[in-house]
Amino acid sequence: MPGRPYSPSPSPEEDFGPEAYEQEWTVAGIVGESVDGFGQHRYEVKWGDGWRRPDGTNTTWEKDADAAEGLQQLFARWGRQQEAKRMEKAQKSPEIEIGGMPHHMLHEQRTIELARGYEELKQVYLPNGDPRQPIDFGAMRKKVPGRPSPPPPAHVQGAREQAQQEASERSNSPGSGSRTPASSSPSLSRSSSLAREHRAVRPLPRRAVMRRAISSPAPDSEEESERGPSRTASGQQRQFKRRKSLELKWSGKLQGAAPVKFANEINYEEVPPLVENFEYLERGYVRAEDVPSNAEVADCLVSCECEDRCIDALECGCQGPSELADESGQRIFAYTRKGLFNFELLPGMEAIECNDACSCDVICPNRVAQRPRDVVIEIFRTRKCGWGARCPVALPRGKVLGIYTGRLIRREEADTHQGERKSYIFDLDIREGAEDEDEADKYSVDGYAHGNWTRFVNHSCEPNLRVYPVVWDTIPELNQPYLAFVATRNIPPRTELTIDYDPKAAEEVEQSKGKHRQKTPEGARHCMCGSANCRGWVRV
Ligand SMILES: C[S@@+](CC[C@H](N)C(=O)[O-])C[C@H]1O[C@@H](n2cnc3c(N)ncnc32)[C@H](O)[C@@H]1O
């Protein structure tokens with residue numbers, strides 16, 4: 001059969017009244033867009049000047065090809081705005097690599113997001129989760145601010161006859177505030193004569209400056225200043241620039257690690273607040289002048305002579321000083337053969353990795369925390385705890401994600417810091433006893449002015465990461481281990497990564513259970529981790 005096997009039947013025509021041809025219609029804005037199975041775009045046009053159907057609606061769906069030139073320009077502008085929005089959203093999503101990514105992949109990503117959003121809304125609107133209950137999308141739209149309207153079921157289809165030039169002239173002419181007869185020039189008609197006879201005419205908007213498009217304010221609209229700089233397109237551009245420039249700056253400091261990105265779906269804060277001159281430090285410490293260098297103990301490092309990869313901890317020379325053993329007392333590595341942490345390390349012990357003097361190669365399974373991070377980290381704005389960290393991909397239990405970095409300072413100095421500033425300090429107290437009062441040779445890591453993504457890891461009373469001490473370029477006795485952030489369970493993509501800031505408190509609470517409820521200790525603050533077993537407070 002030549003041509004299309006079938007074509008859509010024409011939609012019923014809407015009766016706009018006998019004066020439809022004569023009156024001039026004002027466009028209030030473009031508020032929606034749909035694409036049908038044939039790739040035909042339609043735009044939902046909201047009409048102004050108080051026109052409404054008896055049911056209160058005041059939009060129609062218009063085909064690009066049938067519309068007057070002025071309307072087409074609005075469609076084009078709408079298209080550009082939507083594209084800018086899509087790109088901005090994509091830029092914020094760490095899992096979408098913009099560069100070189102074909103359009104359809106961006107689209108697929110959006111589809112996945114929408115599906116996920118739909119599932120979440122179902123949770124909200126179907127509390128019993130009963131899928132047989134129809135979802136009241138109308139109620140959803142009322143309750144969910146900012147949600148774009150889905151296309152209404154009835155479309156006004158077909159051709160429109162336009163008095164293009166004359167309407168255009170009218171639209172720019174002063175004193176065109178009231179409806180005036182529109183002339184319908186046959187030469188400008190683009191559709192069937194049937195339509196010309198019966199359809200309502202939508203001539204060009206008569207105002208040179210359009211009223212705002214409802215769901216997509218024009219970037220150059222007057223509303224910009226009222227909404228605050230970041231809500232506008234130019235504000236978003238600035239935000240995007242600051243974000244990109246910080247990502248770029250930090251990307252030069254990654255020392256081979258995967259990128260660190262920023263995302264904020266909560267408010268319009270561009271990047272996390274950081275002290276001026278903050279230095280990103282993916283690996284290692286910046287030692288304060290009064291802190292001894294690890295180079296001083298380089299001669300004391302024990303190395304191994306294993307070939308290629310270290311397989312047997314008994315044979316591996318650098319494990320000589322390690323106390324880590326299995327149940328039968330046999331020395332073992334801190335990692336599985338796949339390079340995952342095996343959680344055998346006891347309190348007071350460090351994992352000892354192979355070092356520069358060892359003969360094994362870089363892919364030895366006993367070199368884990370020292371290798372560059374291989375997963376992207378996203379620093380994102382949380383709802384209640386400032387900025388946090390998450391990873392766009394799933395993480396297996398035992399995955400070592402990175403080390404806490406910063407300025408290595410003596411404890412005396414660390415103790416001088418108070419308040420929020422103090423919350424970026426990690427004490428290296430692995431070998432310290434409770435009655436250990438001598439502050440000499442006690443160190444802390446200050447991530448306030450130097451640090452990496454781990455400084456953004458928030459506290460949770462049910463964390464998914466734990467911190468373990470690891471050494472490779474120093475001996476355990478120097479009290480300057482690195483602190484490795486390790487996944488304690490399988491972590492789904494985009495889950496906030498958290499640690500317990502005060503693991504001892506967890507033990508105390510556990511012990512006091514049933515006796516009395518623990519009071520909030522002095523200096524602790526209200527915990528906002530939101531976990532089911534939240535202690536209610538956190539020492540930061
Ligand atoms: C090491 S910083 C973590 C990163 C921080 N959210 C930011 O935006 O830079 C610790 C600070 O985060 C906040 N914080 C982290 N976890 C929290 C929690 N569970 N409840 C309340 N505040 C928390 C507190 O302000 C704390 O001083």
(request) Taking Ala313 as the residue in question, decide whether it is surrounded by 14 or more Cβ atoms within 10 Å (Cβ to Cβ) and either of a type outside the set (Asp, Glu) or within 16 Å of the ligand (Cβ to nearest atom) (or both). (result) yes
(request) Return only the number of the condition from (1) within 11 Å of the ligand (Cβ to nearest atom); (2) farther than 30 Å from Glu247 by Cα; (3) out of contact with any helix residue (DSSP H, G or I) (no Cβ under 8 Å at 6 or more places or on another chain) that Arg539 does not satisfy. (result) (3)
(message) Given the options Thr454, Thr416, name the one that is within 16 Å of the ligand (Cβ to nearest atom) and over 18 Å from Ala334 (Cβ atoms).
(response) Thr454
(request) Please give the number of the condition Asn355 fails out of (1) more than 16 Å from the ligand (Cβ to nearest atom); (2) over 28 Å from Leu478 (Cα atoms); (3) buried (at least 18 other Cβ atoms within 10 Å of the Cβ). (result) (2)
(message) If I go through segment 466-498 residue by residue, how many of them are closer than 18 Å to Ala334 by Cβ and within 15 Å of the ligand (Cβ to nearest atom)?
(response) 3
(request) Kindly indicate which of Glu413, Glu420, Glu432 is modelled with pLDDT under 95 and over 24 Å from Met528 (Cα atoms). (result) Glu432
(message) Can you report the number of residues in segment 484-508 which are of a type in the set (A, V, I, L, M) and surrounded by fewer than 17 Cβ atoms within 10 Å (Cβ to Cβ)?
(response) 1
(message) Kindly evaluate Arg525 against the criterion of being surrounded by fewer than 17 Cβ atoms within 10 Å (Cβ to Cβ), modelled with pLDDT of 90 or more, farther than 30 Å from Ser359 by Cα and away from the ligand (no atom under 16 Å from the Cβ).
(response) no
(request) Could you grab the pairs with beta carbons closer than 8 Å, sequence gap of 6+ or different chains, first residue in segment 518-532 and assigned to a loop (DSSP other than H, G, I, E, B), second one hydroxyl-bearing (Ser, Thr, Tyr)? (result) Gln518/Ser512; Cys529/Ser460; Cys529/Thr498; Ser531/Ser460
(request) Hey, could you check segment 371-413 for residues that are within 12 Å of the ligand (Cβ to nearest atom) and in a strand (DSSP E or B) and say which is nearest to the chain's Cα centre (by Cα)? (result) Phe380
(request) Working only within segment 348-364, note down all residues that are under 17 Å from Tyr468 (Cα atoms) and assigned to a loop (DSSP other than H, G, I, E, B). (result) Gly348, Met349, Glu350, Glu353, Cys354
(message) With in contact (Cβ under 8 Å) with a residue 40 or more places away in the chain and touching a Gly at 6+ places or on another chain (Cβ under 8 Å) as the only criterion, which of Thr498, Thr488 stands out?
(response) Thr498
(request) Among residues belonging to segment 419-451 that are free of Cβ contacts under 8 Å to residues at least 60 places away in the same chain, in a loop (DSSP other than H, G, I, E, B) and within 16 Å of the ligand (Cβ to nearest atom), point out the one that is nearest to Arg283 (Cα to Cα). (result) Gly447
(message) It is to be established whether one or more residues within segment 337-347 are within 16 Å of the ligand (Cβ to nearest atom), in a loop (DSSP other than H, G, I, E, B) and free of Cβ contacts under 8 Å to residues at least 40 places away in the same chain.
(response) no
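The values are calculated or read from the model by the stated rules, or taken from the named source; none is laboratory data. Fair warning: this is a prediction, and the values are worked out from it, not measured in the lab. Note that we place each Cβ from the backbone using ideal geometry, even for glycine, and neighbour counts take in every protein chain shown.
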